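No lab work stands behind these numbers, since they all come straight from the coordinates. Keep in mind it's a predicted model, so treat the numbers as computed, not measured. Cβ placement follows ideal geometry from the backbone for every residue including glycine, while neighbour counts extend to all protein chains displayed.
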Amino acid sequence: MKAIDNKELILALEELEKDKGIEKAYLLESIETALVTAYKRNFDALDNVKVVMDEKTGATHVYSIKEVMERANDEALEISLEDARKINKELQIGDSVEVEIVPKDFGRIAAQTAKQVIIQKLREAERNIIYTEFNDRKGEIVSGSIQKADKNIVILDLGKLEGIMPTKEQMPTEKYKVNDKIKGYVLDVERGEKGAPQVIVSRSHPDFVRKLLEFEIPEIYEGVIEIKSISRDPGYRSKVAVYSENENIDPVGSCVGQRGVRIQNIINELSGEKIDVIEWNPDPAIFIASSLLPAQILAVDIKEEEKFAQVVVPDDQLSLAIGKSGQNARLAAKLTNWKIDIKSETQFRQLMESNEENTET
């Protein structure tokens, strides 16, 4: 009996290795594994089956692995010593021997199985290529059109695959509509159903603002101006601390641009979200005072070990310093990574008087 030949299959595998980078040996091994399963399913065989494909000709050899016995009591699992030595004269009782078999119609089954495996591995390879491509783009901005938008999720068409923007990554001030084109920050790349890659996109992440600033402001992209920190209340307000070692460069002015053109482009992309650009300073007192802009600051008393700052503002600046629902103070604390307590001048004076009275008593 002849083994099943398929030189065309080998040529196809070699083309795939060259064009798609899928190793021929890996494909052959996958096909062999699938053929064992196919053989067992179609011929009700036991587990002692082995399939080997010739890597040069594509010839498919099916073997039944049997134990050498003096006499074979179970022909499916055993072979007599006499018959075994017709295959190899050196075989002894207790050895295992591969007995080749050529089942009827297995050539058709083998061809169908090989085709299915190749299609499956091609899909896996393409998914892996796309996964790697987008995984390398973590932290970048991508553009896409909205395919689906509801309260729980927004799905974007990014060309080769889908982008998913969960509720927490959306901006609460925006309404998303199908076919709208939007930008997003690549937060992560995950394996979805059946291994298909999915890109998790965000418009609420602070680094979305960072990347927009890099794109819009050449001095940041080139590293002349450094973004030290960002705090954000998505859709409402962001604070950005910038710094330049070059004394001839005004980091805040460079970011804002003439007549505010540069920063306005970013505000427009963020649907009107306000952006406070603040100059970072190594002196925490100065930096904290700046972080509370647009409020005027009278004094900042810091406790370095506790990273706590007591800030005093004019009476008419208290609400501005704290901000609506505490937003300005909260963003300043995140930006500086300090705990900040804000008091008006009157409140601070009363506190001092109360402390003096307690001390006297």
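Just check the range 7-133 against the gyration tensor rule for me: Cα atoms, a ≥ b ≥ c as the square roots of the eigenvalues, rounded for a/c under 1.5, and otherwise prolate or oblate depending on whether a/b exceeds b/c.
prolate
Over the chain, how many percent of alpha carbon pairs lie in each 10 Å bin up to the one with the longest distance?
With a bin width of 10 Å, the distribution comes to 5, 16, 17, 14, 11, 9, 9, 8, 6, 3, 1, 0.
What's the whole-number percent of alpha carbon pairs in the range 204-361 lying beyond 27 angstrom?
29 percent
Could you work out the Kirkwood radius for the range 1-81, taking every pair of different alpha carbons, averaging 1/r and inverting it, reported in Å?
14.3 Å
Only bridges with both residues in the range 7-133 count here: give the DSSP antiparallel percent, nearest 5.
Given both bridge residues lie in the range 7-133, the antiparallel proportion sits at roughly 80 percent.
With a cut-off of at most 10 other beta carbons within 10 Å, and DSSP calling the residue loop, which trypsin sites (Lys or Arg not before Pro) in the range 149-190 qualify? Please list them.
K151, K175, K177
Which of the peptides 97-110, 204-217 is most tightly packed, and how do the rest follow, going by the mean number of other Cβ atoms within 10 Å of each residue?
204-217, 97-110
Sequence gap at least 6, Cα distance under 8 Å: using those rules, report the relative contact order of the range 205-280 to the nearest whole percent.
Worked out over the range 205-280, it gives 32 percent.
How much length, in nm to one decimal, is gained on full extension between L351 and S325, taken as 0.36 nm per residue of separation minus their Cα-Cα distance?
Length difference between fully extended and current span is 7.0 nm.
Please state the relative contact order of the range 138-200 as a whole percent: Cα pairs under 8 Å, 6+ residues apart?
Here the relative contact order equals 38 percent.
How far is it, in nm, from the label point at E90 to the one at V52 when both lie 7 Å from their Cα along the line to the Cβ?
Going by the 7 Å Cα→Cβ label model, 1.5 nm.
Based on the inverse mean of 1/r over its pairs of different Cα atoms, what is the Kirkwood hydrodynamic radius of the range 205-280, in Å?
In the range 205-280 this quantity evaluates to 12.1 Å.
For q = 0.23 Å⁻¹, what log10 I(q)/I(0) does the range 138-200 give under the Debye formula with an equal point scatterer on each alpha carbon and no solvent?
The Debye formula, applied to the Cα set alone, gives -0.97.
Compute the separation of the alpha-carbon centres of the range 68-94 and the range 294-361 and state it in Å as a whole number.
About 92 Å separates the Cα centre of the range 68-94 from the one of the range 294-361.
For the range 284-361, what log10 I(q)/I(0) values come out of the Debye formula at q = 0.13, 0.17, 0.21, 0.23 1/Å, with one point per alpha carbon and no solvent?
Scattering profile of the range 284-361, log10 relative to I(0): -0.39, -0.63, -0.88, -1.01.
Which entries in the list K138/K228; K175/K343; K151/K183; K18/K160; K20/K40 go over 28 Å, if you measure between the two C-alpha atoms of each?
Going by Cα-Cα distance, K175/K343; K20/K40 fall outside the 28 Å limit.
Could you put L320, L27 in order, starting from the residue whose Cβ has the fewest other Cβ atoms within 10 Å?
Fewest-to-most Cβ neighbours within 10 Å comes out as L320, L27.
Using a ≥ b ≥ c from the Cα gyration tensor of the range 98-253 (square roots of the eigenvalues), is it rounded, prolate or oblate, where a/c under 1.5 gives rounded and otherwise the larger of a/b and b/c decides, a/b for prolate?
Note, shape of the range 98-253 comes out prolate.
Sort 281-290, 227-236 by the packing proxy (mean of other Cβ within 10 Å over each peptide's residues), most packed first.
227-236, 281-290
If you take every DSSP beta bridge fully contained in the chain, what fraction is antiparallel? Give it as a percent rounded to 5.
Within the chain, antiparallel bridges account for around 70 percent of the total.
Report the relative contact order of the chain, percent, no decimals, based on alpha-carbon pairs under 8 angstrom and at least 6 residues apart.
Value for the chain: 8 percent.
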